[in-house]
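A.B. asks: Next up is a structure, given as structure tokens.
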Amino acid sequence: MICLGIEGTAEKTGVGIVDSDGNILALAGKQLFPKIGGIHPREASEHHAKWIPKLIIEACTKANLELKDIDLVSFSKGPGLGPALRTVATASRTLALSLNKPIIGVNHCIAHVEIGKLDTGAIDPVSLYVSGGNSQIIAYEYGRYRIFGETLDIAIGNCLDQFGRETNLGHPGGPIVEELAKDGKYIDLPYSVKGMDLSFSGLLTASIREYQKNIAIEDICYSLQETAFSMLVEVTERALAHTKKDEVMLCGGVAANKRLREMLAIMAEEHYAEFHIPKMEYCGDNGAMIALLGILTYNIYGPDKLEDTNVIQRFR
Ligand code: KG4
């Protein structure tokens, strides 16, 4: 079976083609870079509307396939920005209907975990999925994926990006904060873990306040990273101890961060767990992960009914 997957929960449009043996046949994507501020949902949906048709052709060309060779259309059903999700769903329904092929909507976060497993060879990890829109600790237990902890407000990537914008460092803030943090020293910032959940909005506000007090930006960046990443590692560690698994996986765009990698690797080693990070092309949003999860889900549950392909902005 050959599945074409369409991703578009936020600002990245992705199309991927995967076969039922887990071969990634094509990956095509286009990222929207907002000129000012963060991502606007309407701009993201316009970006998807413009790029999905082009990327479908590009992916088929890369895979040396024709559209009629596609057996299944998969799309990211949520969580994500409403207008962006609806554009992707509409394009996917149109494609499936015009090809007379089955359609399936899948969970974006689980797709990150499944492509990570495929890429790294991890079998049953506790996954820390951290990106611009999501921060979740996910593991498979008792026959289904469960969220063991997550942010109660903004995602870690969003926290770093907002900090970058508010302090005129630029967008996206994550890589810039990482660079500046190398020369920083620790100052006290609020650490907010609530049970198994996390909160980054107070940390963001406090970091911006320190900037307004003219505290060295390097010190704020260092402390922001140390505090936020310690919170993420704490909850991942508790999920690992609870589930008694022996693998940890880091995925999502924030997985690019070397300090977060280092902190998680130390924690995993202390628990005698293997530590996995997928290649960056599979850490960020991409269409191949949607195609892969489409096939895996289809093999168990079959296709969706067309009338059940509504999107879910907050998908748990
Ligand atoms: O998964 P992703 O590509 O897409 C979205 O969720 O939108 O993640 C993008 C996020 C942004 O918030 C960006 O600042 C963050 O990943 N990021 C980083 C680094 N590189 C990208 N955060 C921390 N350190 C980095 N080196």
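A.B. asks: With the cut-off at 25 Å, tell me which of the pairs K30/K194; K35/K185; K12/K117 have Cα atoms farther apart than that.
C.D. replies: Pairs exceeding 25 Å: K30/K194; K35/K185.
A.B. asks: How large is ³J(HN,Hα) for each residue in the stretch 249-264, as worked out from phi by the Karplus curve 6.51 cos²θ - 1.76 cosθ + 1.60 (θ = phi - 60°), to whole Hz, x for Gly and Pro?
C.D. replies: Each residue's phi maps through the Karplus curve to give 10, 10, 8, x, x, 6, 5, 5, 6, 5, 5, 5, 4, 4, 5, 5 Hz.
A.B. asks: Kindly provide the trypsin sites (Lys or Arg not before Pro) of the stretch 232-272 that DSSP labels as loop, not H, G, I, E or B, and whose Cβ sees at most 14 other Cβ atoms within 10 Å.
C.D. replies: K244
A.B. asks: When N is the residue count of the stretch 126-244, what does its C-alpha Rg come to as a fraction of 2.2 N^0.38 Å?
C.D. replies: With N residues counted in the stretch 126-244, Rg over 2.2 N^0.38 Å equals 1.09.
A.B. asks: Now, a different point. Got the relative contact order for the stretch 126-244 handy, in percent, Cα pairs under 8 Å and 6 or more residues apart?
C.D. replies: Relative contact order here is 26 percent.
A.B. asks: Need the list of lysines near K182 for cross-linking: C-alpha distance under 25 angstrom, and skip anything on the same chain fewer than eight residues off.
C.D. replies: Cα-Cα hits under 25 Å: K213, K258, K279.
A.B. asks: Would you mind ranking K194, K12 by Cβ crowding within 10 Å, fewest neighbours first?
C.D. replies: Least to most surrounded, the residues fall as K194, K12.
A.B. asks: Fewest Cβ neighbours within 10 Å first, please rank E262, E274 accordingly. Don't jump to the answer; show the numbers that get you there.
C.D. replies: On the way: E262 11, E274 16.
In increasing order of surrounding Cβ atoms, one gets E262, E274.
A.B. asks: Between Y301 and L67, take the C-beta separation as r, use R0 = 22 Å, and let me know the FRET efficiency to the nearest 0.05. Write down the numbers at each step before the final one.
C.D. replies: Values: r = 25 Å, r/R0 = 1.12.
It comes to 0.35.
A.B. asks: A follow-up question, please. Expected output is a single nm value to one decimal: the length gained when fully extending between N100 and H271, i.e. 0.36 nm times separation in residues minus the C-alpha distance. What is it?
C.D. replies: 56.6 nm
A.B. asks: Considering only G294, G22, G195, give the residue with the highest GNM mean-square fluctuation for the chain, with springs between Cα atoms whenever their separation is below 10 Å.
C.D. replies: Its mean-square fluctuation being the largest, the pick is G195.
A.B. asks: Per DSSP helix of 4 or more residues, -39500 (n - 2.57); summed, then divided by the residues of the chain. What does that give at 222 nm, rounded to the nearest 500?
C.D. replies: Here the helix-only value at 222 nm equals -15000 deg cm²/dmol.
A.B. asks: On to the next question. Relative contact order for the stretch 165-316 using alpha-carbon pairs under 8 Å, separation at least 6, rounded to a whole percent?
C.D. replies: With pairs under 8 Å counted, the relative contact order is 20 percent.
A.B. asks: Now a separate question. Could you tell me, in Å, what Rg and Dmax come out for the Cα atoms of the chain?
C.D. replies: Here Rg and the maximum Cα pair distance are 19.5, 61 Å.
A.B. asks: Now a separate question. Of the residues L85, L180, L27, which exhibits the maximal mean-square fluctuation in a Gaussian network model of the chain defined by a 10 Å Cα contact cut-off?
C.D. replies: L180
A.B. asks: Can you sort M231, M280 by how many other beta carbons sit within 10 Å, fewest first?
C.D. replies: M280, M231
A.B. asks: Mean separation of Cα pairs under 8 Å and 6+ residues apart, divided by the residue count of the chain: what relative contact order is that in percent?
C.D. replies: 26
A.B. asks: Could you tell me which chymotrypsin sites (Phe, Trp or Tyr not before Pro) in the stretch 269-316 are loop residues by DSSP with no more than 15 other beta carbons within 10 angstrom of their beta carbon?
C.D. replies: Of the chymotrypsin sites (Phe, Trp or Tyr not before Pro), the ones in loops of the stretch 269-316 whose Cβ has at most 15 other Cβ atoms within 10 Å are Y272.
Read the figures in this text as sums done on the coordinates, not as results from a lab. Computed from a prediction, not measured in an experiment: that's the story for all the values here. Note that we place each Cβ from the backbone using ideal geometry, even for glycine, and neighbour counts take in every protein chain shown.
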